[in-house]
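Undergrad: Here it is, the structure, as structure tokens.
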Amino acid sequence: MTNMKNKYFSLGALAVACMMSANVAAQKATSFVVKANQPTAEIQPTMWGIFFEDINLGADGGIYAELVKNRSFEFATPMMGWKEQKKNGTTGKALVHNQEAINPSNRRFIRVESGSDEGFGLSNEGFRGMGIKKGNQYNFSVLARQPQGDNVAVVVELVNPDGKSIGSATVTPQGKQWKKYNVSFTATETEPKAYLNVWAKGKGTVDMDMISLFPQDTWKQRPNGLRADMVQLLADMKPGFFRFPGGCIVEGRTLDERFEWKKTIGPIENRELTVNRWNTEFGHRLTPDYYQSFGLGFFEYFQLSEDIGAEPLPILNCGMACQFNTGEVVPLDQLDTYIQDALDLIEFANGGVNTTWGKKRADMGHPEPFNMKFLGVGNEQWGEQYIERYKIFAKVLSEKHPEIKLITTTGPFPDGEEFDYLNTTLRGMKDTRVDIIDEHYYRAPEWFKENATRYDSYDRKGPKIFAGEYASQTVAIASPDNRNNWNAALSEAAFMTGLERNADVVVMASYAPLFAHVEGWQWTPDMIWVDNLRSFGTPNYQVQKLFSTNSGTQVVPVLLDGIAVTGQNNTFASASIDKKTNEVILKVVNTSDKEMNNEFVIDGVKKLQNRGTHTELRSDNLNQENSFENPKAVSPVQKQIQVKNNKVQLKLQPYSVNVIRVKIS
Ligand code: AHR
């Protein structure tokens, strides 16, 4: 990779040598110079974004606010999550029926026969219980019918772990035809571990399916929508893009279990459930009750992207199952279905309302197009089997949709044989479009600091880079002992200055994974942790948010002794100007345990306002984490700073990430 853009990058070796002479900075002010009139690259609005995958109960049991687990009895064990309930002396039975011939995408329902007015019932445990808030409204719905006369009322009640009712309501299904019944009620107590009883009362039989309970206070109050607190954390990041639906679940353990977007749209009761491949992926974190209901489907993913102002970035299966599992592939001459899925997705997202798939979008309530601009072909594939399949996809998609930027992958690791093969092959392809290459790095904190210069030497004329999945691993990749601590977050910040400095090459970046439920996770570290009622951003979240809300529009050099700041004195930096707000933005990361006495000279602008802001994110303790009890242990603090003669004097605290913003007069 040659063709370096300018002298600031070519001096990387000298920068490394300077790292050796650390610890001298504490005494005299070190002078950093920001060349505010020498932009080296545009920063894409997509630069800092979000990676979403249904892992760690991210969707079902997480952001998708449905409280009932296995609501339509489609899990491999149909009664998983359900228990029969009897009151003293009552009789009855519950039997799962399978009517595959009539409804193959939602085959099962439950028939409950009650022998008395006291009732016979079912109880649903939720996803690690149900989080219920006092005074909030809960919306119950069920598809139901009474095959033998209208003798049964369905009484639903939320119950706390002691068996006390904390909210209840009744619906009375009528007739032999399936119909949807809704009823709402208010919870009388806050309870993180409630469960739901559904009683059939009266002598008779009732059939039920899609037994569902949602809070009313979802994101934007959308019926049956998303958890508002979790979406708010995403919206607060002002992300440039939203990548979905993964991750390995795109691939599936086998091709039969791959993610098929067409099965995730339309009426909710027709969305065919699939197992979640994270259920038994790790023996040490087994989650056998992990399925994908697709209540959060492709329409909702596009809608969420739009809500939070992010470019939608779907990733599709390219005819390969997860290579960490079976690695199954579709024969090259049988890729048509997969390619058609991609073409139809573009029509679903962008097509007019009179096109087949555009109409489906309109029917779901969004006649305007979603303006999708990017499409990922495969998740984290490797080997020549990927290249062969990518070429076929790229040929068709380039011909039919040259406007869509295609994202390809270099596999799970940022170096090594597989990476080198894919990187060289993709960059060498003459007749196949390669717009953006997705690189993944799950590495130790030290790697992130050492790789702040990774992109300095990349080909400026080659494909762009999507840093599609990354996170500092404090122990080892996929270790359950990895922590979301300040050491990890600080090293990511150091690395991210390198991404921003190279914004002419790196056009997108996202931390991964995004969400984890404290009782349902498989993978750690994760950016945001939740339980049934609460959520908090880790220090890593705070770093991501700080970068994405302080991005700027053009990179400008920030120099120490004439060279880019890539680790000298354990300091990492990047700078930008924001043409929209007319500001200079400087990010400086001090990874040392010393306070640094610094001077920042902003060169090349006539006049600056005499006040600016300094946002500091820090902790003295590299092991510091955020938690439900102390969610803001590591969180930004903003202060005013003085600007004199285009200079800012600032002491950078040990282990700190700093953002300085100054307005150009
Ligand atoms: O982020 C967790 C997993 O890491 C993703 O599913 C996969 O793409 C990567 O290996």
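The values are calculated or read from the model by the stated rules, or taken from the named source; none is laboratory data. Bear in mind the structure is a predicted one, so any value in this text is a computation, not a measurement. Virtual Cβ from ideal backbone geometry, glycine too; neighbours counted across all protein chains shown. The area values use the complete protein model at the heavy-atom level, side chains included, leaving out ligands, DNA and RNA. Shrake-Rupley method; radii C 1.70, N 1.55, O 1.52, S 1.80 Å.
Undergrad: Please give the charge dipole size of the chain, origin at the Cα centre, charges +1 on K and R Cβ atoms and -1 on D and E Cβ atoms. Round to the nearest 20 debye.
TA: Working: 73 positive and 78 negative charges, 400 e Å.
Result for the chain is approximately 1920 debye, rounded to the nearest 20.
Undergrad: Still on this structure, please answer the following. Full-extension gain between Asp415 and Val396, please, as 0.36 nm times their residue separation minus the C-alpha to C-alpha distance.
TA: Here the answer is 3.9 nm.
Undergrad: Still on this structure, please answer the following. What are the residues whose amide H is under 5 Å from the amide H of Lys405, where those residues sit 5 or more places off or on another chain and H is modelled from the backbone?
TA: Amide H to amide H, under 5 Å and 5 or more residues apart or across chains, Lys405 pairs with Phe374, Leu375.
Undergrad: Using 1/(1 + (r/R0)^6) with R0 = 60 angstrom and r between the beta carbons of Leu343 and Gln649, what's the FRET efficiency to the nearest 0.05?
TA: Values: r = 58 Å, r/R0 = 0.97.
That pair, Leu343 with Gln649, gives E of 0.55.
Undergrad: Additional query: Just by accessible area at a 1.4 angstrom probe, what is the order of Thr410, Thr280 from largest to smallest?
TA: On the way: Thr410 0, Thr280 70 Å².
These residues rank, largest area first, as Thr280, Thr410.
Undergrad: Apply the Karplus curve 6.51 cos²θ - 1.76 cosθ + 1.60, θ = phi - 60°, to the phi angles in region 289-294 and return the couplings in whole Hz, x for Gly and Pro.
TA: 9, 9, 10, 10, 7, 6
Undergrad: In addition: Give the residue list of trypsin sites (Lys or Arg not before Pro) in region 557-626 that are DSSP loop and have at most 16 other beta-carbon atoms within 10 angstrom.
TA: Lys579, Lys580, Lys606, Lys607
Undergrad: As I understand it, the dipole of the chain uses +1 on the Cβ of Lys and Arg and -1 on the Cβ of Asp and Glu, about the Cα centre. Which of Pro267, Thr205, Ser114 lies farthest toward its positive end?
TA: Of the options given, the answer is Pro267.
Undergrad: Can you list the aspartates and glutamates whose alpha carbon is less than 12 Å from that of Lys201, not counting same-chain residues fewer than 8 positions off?
TA: Glu113, Asp117, Glu118, Asp150
Undergrad: Only four residue types carry charge here, +1 at the Cβ of Lys and Arg and -1 at the Cβ of Asp and Glu. Report the dipole size of region 82-215 about the Cα centre in Debye, rounded to the nearest 20. Working shown, then result.
TA: Working: 18 positive and 13 negative charges, 34 e Å.
Rounded to the nearest 20 debye, it is 160 debye.
Undergrad: Then there's this: Leaving ligands, DNA and RNA out of it, report the carbon-plus-sulfur percent of the accessible area of the chain at a 1.4 Å probe.
TA: Taking all protein chains in place, the chain shows 48 percent carbon and sulfur surface.
Undergrad: Rounded to the nearest 500 deg cm²/dmol, what is the calculated helix-only ellipticity per residue at 222 nm for the chain, with -39500 (n - 2.57) per DSSP H run of length n ≥ 4?
TA: -5000 deg cm²/dmol
Undergrad: Report the calculated FRET efficiency for Ser123 and Thr356 (r = Cβ-Cβ distance, R0 = 41 Å), to the nearest 0.05. Mind dumping the intermediate values first?
TA: Numbers: r = 43 Å, r/R0 = 1.05.
Once rounded, the FRET efficiency stands at 0.45.
Undergrad: For the chain, with the dipole built from +1 on Lys and Arg beta-carbon atoms and -1 on Asp and Glu ones, taken about the Cα centre, which of Gly462, Ser184, Ile102 lies farthest toward the positive end?
TA: Positive-most Cα among the choices belongs to Ser184.
Undergrad: Compare the Cα positions of His440, Ile387, Pro402 along the charge dipole of region 366-495 (+1 at Cβ of Lys, Arg; -1 at Cβ of Asp, Glu; about the Cα centre) and return the one farthest towards the positive end.
TA: Pro402
Undergrad: Could you give the length gained on full extension between Asp561 and Lys373, defined as 0.36 nm per residue of separation minus the Cα-Cα distance, in nm?
TA: Here the segment from Asp561 to Lys373 would lengthen by 63.6 nm.
Undergrad: Please tell me the relative contact order of region 82-215 in percent, rounded to the nearest whole number, where contacts are Cα pairs under 8 Å and at least six residues apart.
TA: Relative CO of region 82-215 lands at 34 percent.
Undergrad: Here's a follow-up. Within region 141-171, whose backbone N sits under 17 Å from a point 7 Å along Cα→Cβ of Asp217?
TA: Within reach of a label on Asp217: 167.
Undergrad: Efficiency by 1/(1 + (r/R0)^6): what FRET value for Glu384 and Lys28, r their Cβ-Cβ distance, R0 = 45 Å, to the nearest 0.05?
TA: For Glu384 and Lys28, the calculated efficiency is 0.20.
Undergrad: Let me have the relative contact order for region 93-169, percent, based on Cα pairs under 8 Å that are six or more residues apart.
TA: 16 percent
Undergrad: Tell me, how many Å apart are the Cα centres for region 468-544 and for region 607-665?
TA: 21 Å
Undergrad: While we're looking at this one, here's another question. Under a Cβ-Cβ cut-off of 9 Å, what is the net charge of the residues other than Gly612 that fall near it, where Lys and Arg count +1 and Asp and Glu count -1?
TA: +2
Undergrad: Could I ask something else about it? Which ³J(HN,Hα) values in Hz, rounded to whole numbers, follow from the phi angles of region 564-569 under the Karplus curve 6.51 cos²θ - 1.76 cosθ + 1.60, where θ = phi - 60° and Gly and Pro get x?
TA: Values, residue by residue: 4, 8, 10, x, 4, 6 Hz.
Undergrad: To continue, here is another question. Quickly work out the Met429-to-Asn621 label distance, labels modelled 7 Å from Cα along the C-beta direction, and quote it in nm with one decimal.
TA: 4.9 nm
Undergrad: Can you say what percent of the DSSP beta bridges in the chain, counting only those with both residues inside, are antiparallel? Round to 5.
TA: Within the chain, antiparallel bridges account for around 75 percent of the total.
Undergrad: Please turn the phi angles of region 457-466 into ³J(HN,Hα) values with the Karplus equation 6.51 cos²θ - 1.76 cosθ + 1.60 (θ = phi - 60°), one per residue in order, whole Hz, x for glycine and proline.
TA: Calculated HN-Hα couplings, in order: 9, 6, 4, 6, 9, x, x, 7, 10, 10 Hz.
Undergrad: With the crude spin-label approximation of a point 7 Å out along Cα→Cβ, what separation in nm comes out for Leu286 versus Lys607?
TA: So the two model labels end up 7.2 nm from each other.
Undergrad: Here's something else I'd like to know. List the residues, sorted by chain then number, that are 5 or more residues from Asn379 or on another chain and whose placed amide H is less than 5 Å from its amide H.
TA: Cys318
Undergrad: Do you know the relative contact order of the chain, to the nearest whole percent, from alpha carbon pairs under 8 angstrom that are 6+ apart?
TA: After rounding, I find 18 percent.
Undergrad: What nm value, rounded to one decimal, do you get for the distance between Lys176 and Thr549 when each label is placed 7 Å out toward the C-beta?
TA: Distance between label points: 6.1 nm.
Undergrad: Counting only heavy atoms of protein chains, what accessible area per residue, in Å², does the chain have with a probe of 1.4 Å? Don't jump to the answer; show the numbers that get you there.
TA: Details: 24840 Å² over 665 residues.
Ligands and nucleic acids excluded, the figure is 37 Å² per residue.
Undergrad: Starting from region 307-378, pick out the trypsin sites (Lys or Arg not before Pro) whose DSSP state is loop and whose Cβ has at most 15 other Cβ atoms within 10 Å.
TA: Passing both the DSSP loop test and the Cβ count: Lys373.
Undergrad: Using modelled amide H (1.01 Å from N, peptide plane; none on Pro or chain starts), what sits under 5 Å from the amide H of Ile641, excluding residues fewer than 5 places away?
TA: Gly612, Thr613, His614
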